[in-house]
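Here is the structure we will look at.
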Amino acid sequence: MGDVVIREATHADLPGIAAAFREVVAEGETYCYPDGLTDAQIAEEWLLPSPWRVMVAYAVDGTPGTFLGVAKSGPNRPGRGAHIATASFLVSAAARGHGVGRALGERVIAWARESGYAAMQFNAVVETNTAAVRLWQNLGFRILTTAPGAFDSRRHGRVGLHVMWLDF
Ligand SMILES: CC(C)(COP(=O)(O)OP(=O)(O)OC[C@H]1O[C@@H](n2cnc3c(N)ncnc32)[C@H](O)[C@@H]1OP(=O)(O)O)[C@@H](O)C(=O)NCCC(=O)NCCS
């Protein structure tokens, strides 16, 4: 993969985000979203307003370039839980395994740290999602606990959901 640019998302990025979102829902291995969400519903989930931060990655192979992935990060809980960040990531299937997830993860962690969050929590990492579990562990996250059988994987049936944690 050539050069990758990561920048703040705008509404113009919705087609790429929606395509990657629909791939992941069809795979049925990583997120609990229902089938059949409209573009507007996907935008409500992913193009979140401040204090959330949404970043997109593109390959620099033309104008506007090929969409590679998206990350959103913000408070894990409102009010008295708002000092802990959370984040979610989608890399388009064709772009996986080339460092895009790592680049987005490093960017999101740096942003949350600089923004004054005390830690980052992932609430529901599917235990059979090897790429994600490895990547988060390589970036310093540990598994706090696993909710047994809480995810109904298309291929594996009921598998656990990890709660993962990174102290800043
Ligand atoms: C999980 C995901 C974000 C990772 O992004 P990616 O661009 O494919 O990952 P990268 O190429 O940056 O690889 C990151 C690390 O994971 C490892 N990895 C990637 N794919 C892997 C696989 N299939 N099996 C094992 N390890 C894998 C790489 O070795 C790499 O290791 P590093 O820490 O030494 O760099 C991406 O696969 C994705 O969007 N999947 C679908 C949605 C999803 O699972 N989102 C996250 C939910 S928690």
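Every read-out reported here was derived from the displayed coordinates using simple, explicitly stated rules and does not represent laboratory data. For clarity, every value in this text was computed on a predicted model and none was experimentally measured. Using ideal geometry, Cβ is built from the backbone for each residue, glycine included, and neighbour counts are taken over all protein chains shown.
Six or more apart or on different chains, Cβ atoms under 7 Å: show the pairs whose first residue is in region 84-99 and under 15 Å from ALA9 (Cα atoms) and part of a helix (DSSP H, G or I) and whose second is more than 7 Å from the ligand (Cβ to nearest atom) and acidic (Asp, Glu).
none
Based on what the data block shows, is ALA112 touching a residue at least 12 places away in the same chain (Cβ under 8 Å) and either near the ligand (Cβ under 8 Å from one of its atoms) or in a strand (DSSP E or B) (or both)?
Judged against the criteria, ALA112 is not a match.
Per-residue answers, yes or no, for (1) over 24 Å from ASN129 (Cα atoms); (2) exposed (fewer than 12 other Cβ atoms within 10 Å of the Cβ); (3) touching a Ser or Thr at 6+ places or on another chain (Cβ under 7 Å):
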{"site": "ARG22", "(1), (2), (3)": "no, no, no"}
{"site": "ASP39", "(1), (2), (3)": "yes, no, no"}
{"site": "VAL54", "(1), (2), (3)": "no, no, no"}
{"site": "GLY69", "(1), (2), (3)": "no, no, yes"}
{"site": "ARG80", "(1), (2), (3)": "yes, yes, no"}
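Do you know which of the residues in region 124-149 that are in a strand (DSSP E or B) and not hydrophobic (A, V, I, L, M, F, W, C) is nearest to GLU27 (Cα to Cα)?
GLY149
What do you reckon, is ASP152 farther than 28 Å from ALA26 by Cα and surrounded by fewer than 19 Cβ atoms within 10 Å (Cβ to Cβ)?
no
Taking region 58-83 as the search range and keeping residues that are of a type in the set (A, V, I, L, M, F, W, C) and either over 18 Å from ASP13 (Cα atoms) or assigned to a strand (DSSP E or B) (or both), which one is nearest to the chain's Cα centre (by Cα)?
My answer is ALA71.
May I ask you to list the residues in region 116-142 that are under 22 Å from LEU90 (Cβ atoms), surrounded by fewer than 18 Cβ atoms within 10 Å (Cβ to Cβ) and more than 12 Å from the ligand (Cβ to nearest atom)?
Selection gives nothing.
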